[in-house]
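The values are calculated or read from the model by the stated rules, or taken from the named source; none is laboratory data. Predicted model, so just to flag it, every value in this text is computed and none were measured. For neighbour counting, all protein chains shown are included, and Cβ atoms are generated from backbone atoms with ideal geometry for every residue, glycine included.
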Amino acid sequence: MEHLPSIVGGLTEVRKAIEVSKSFVDGLPFFARGFAEQDFASGTGMSYGDWFRLLDSVVERLNRLGSLPASELGSLAADCRKLAAHLERYAQYLETVPGKLRMAASFIQLDEQALKSAEEAPRFAGAVRELKRALETLASELEARASS
């Protein structure tokens with residue numbers, strides 16, 4: 001469990017990135033906002049709200065892992081596996097962001113900072129995949145502890 005601090009840190013970074021994405025989407029014109037929210041949810045498998053709830057729940061329990069009752073380890077492991085699966089979908093989504101924003105820029109005015117940030121998204125996908133693997137390893141460790 002020595003990788004726990006880096007997992008919590010990684011999940012916190014993912015949450016911040018999703019907050020930035022939601023903030024950007026919230027600033028879009030009404031007609032584009034619904035499309036962007038639906039695109040995020042279908043691309044990543046969860047809405048913004050579902051992402052925040054799952055991330056917050058997992059991080060909160062990981063932060064108190066030492067005092068977590070053994071009866072909760074199984075459900076935490078299951079949530080870690082669920083989150084890991086969605087992190088892969090999120091990484092795949094990140095790889096499509098630059099093209100989507102370039103396409104959107106032909107319909108609506110986007111500032112340079114948004115376009116620049118979009119170009120960085122695929123690089124973050126690699127870090128998200130590393131986090132996914134670490135979370136899967138942690139889930140296995142939690143499952144082993146829950147069954148012992």
Go over the candidates Asp39, Asp26, Asp50 one by one and state the one that is surrounded by fewer than 13 Cβ atoms within 10 Å (Cβ to Cβ) and acidic (Asp, Glu). Asp26
Candidates Gly9, Gly34, Gly45, Gly49, filtered to the one that is on the phi > 0 side of the Ramachandran plot and of a type outside the set (A, V, I, L, M, F, W, C): Gly45
Only one residue in Val58, Val20, Val25, Val97 is in a helix (DSSP H, G or I), of a type in the set (A, V, I, L, M, F, W, C) and touching a Ser or Thr at 6+ places or on another chain (Cβ under 8 Å). Which one? Val20
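Only one of these is part of a helix (DSSP H, G or I), touching a residue at least 12 places away in the same chain (Cβ under 8 Å) and among the hydrophobic types (A, V, I, L, M, F, W, C): Ala32, Ala41. Name it.
On the way: Ala41 fails: touching a residue at least 12 places away in the same chain (Cβ under 8 Å).
Result: Ala32 is the single residue among Ala32, Ala41 that is part of a helix (DSSP H, G or I), touching a residue at least 12 places away in the same chain (Cβ under 8 Å) and among the hydrophobic types (A, V, I, L, M, F, W, C).
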Scan the stretch 83-92 and give yes if some residue there is surrounded by 14 or more Cβ atoms within 10 Å (Cβ to Cβ) and either of a type in the set (S, T, N, Q) or modelled with pLDDT under 85 (or both), otherwise no. yes
